[in-house]
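Here is the structure we will look at, set down as structure tokens.
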Amino acid sequence: MEKKYPAIKIKDGQKYFYRFTVNQRIQHIILAVTVVFLVLTGMPLKFHEASWAPYLYALFGGIKYAPIVHKVNGAILMVLFFYHIFYLIFVIKKFHIEPAEKEKGKLSAVDKLKIVGTQGLVPNLKDAKDIRDLMKYLLFLTTKRPDGDNFTWKEKFDYWAPFWGMVIIGGSGMILWSKELATQVLPGGILNFSLIAHSDEALLAALFLFIWHWYNVHFSMSVFPMGTVFLTGYLSEELMVEEHYQHYVEVMKKAGLEDEILPPHGAHGEESHIGGAAS
């Protein structure tokens, strides 16, 4: 079990809120590094006629070594994917199902599914309402932004998208890696399907990560030039108020800091609707 870190850390007079464990941060770093290497060694093949492709491929050893770099990173990513699934099962069982069974007795399969369905990263009705309210805010139909919970709909989208990608890219990659074995079991046409699926889904994943994800966590005005929560595990109070206000209020109350709760983003100078002092 990991060392327990304080929910709120104060540094240089500023509050920072604990978001991710060391285990989760290590998983994220491995994911980020392997994906970057996979993109850098895979895109030159997809766009082999482009002027930049031979030079980029040569940086990784060309046709002799670049495929090895690609396969090694692909294998690491697949191991990480399965590790993460077992990690999820362990965390939900140890910290959610077992405590519920100690309190209520043996749980039925339905009760366990309900616990799984109420995990923080599982999409719910609030996410749909938050998307609706955000559209209203962006269209100037309201002046109030939705109050994000522990994980917002954007973070859930970021989290679940790789699951789909791993099934498509990972499955097709293993088929292409072991063509002889695969075609002993499956029709030969599966190689063409796998090549298309692997290539196009990889491009989609790269565009998603380098545009949507990187903008939200690194390049948006709130965090530019780089978000640091993936390294430190802590998020600043300013960003908590902006992105996770509902959860921010809960954490502050639990810490006995009701009088220090800031008003929601965009409401500074007004009296907070939860009774905290405005700043």
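The values are calculated or read from the model by the stated rules, or taken from the named source; none is laboratory data. These figures come from a predicted structure and were not determined experimentally. Cβ: placed from backbone, ideal geometry, glycine included. Neighbour counts: every protein chain shown.
Here is how the numbers come out for the structure above:
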| item | result |
| --- | --- |
| Filter result (without any contact (Cβ under 8 Å) to a residue 40 or more places away in the chain and either exposed (fewer than 12 other Cβ atoms within 10 Å of the Cβ) or not hydroxyl-bearing (S, T, Y) (or both)) within segment 164-177 | W164, V167, I168, I169, G171, I175, L176 |
| Selection status of K102, more than 24 Å from K154 (Cα to Cα), at pLDDT below 95 and out of contact with any Asp or Glu (no Cβ under 9 Å at 6 or more places or on another chain) | yes |
| Single condition W52 does not satisfy, out of (1) farther than 21 Å from A197 by Cβ; (2) in contact (Cβ under 8 Å) with a residue 12 or more places away in the chain | (2) |
| Residue among V69, V91 that alone is surrounded by 12 or more Cβ atoms within 10 Å (Cβ to Cβ), out of contact with any helix residue (DSSP H, G or I) (no Cβ under 7 Å at 6 or more places or on another chain) and among the aliphatic types (A, V, I, L, M) | V91 |
| Helices (runs of 4 or more DSSP H) completely within segment 60-139 that count 1 or more residues being over 24 Å from the mean Cα position of the chain (by Cα) and within 21 Å of V167 (Cα to Cα) | 62-92 |
| Those helices (runs of 4 or more DSSP H) lying entirely in segment 196-268 with at least 1 residues under 14 Å from the mean Cα position of the chain (by Cα) and farther than 19 Å from L134 by Cα | 229-232 |
| K15, sole failed condition from (1) charged (D, E, K, R); (2) free of Cβ contacts under 8 Å to residues at least 40 places away in the same chain; (3) under 30 Å from L257 (Cβ atoms); (4) surrounded by 14 or more Cβ atoms within 10 Å (Cβ to Cβ) | (2) |
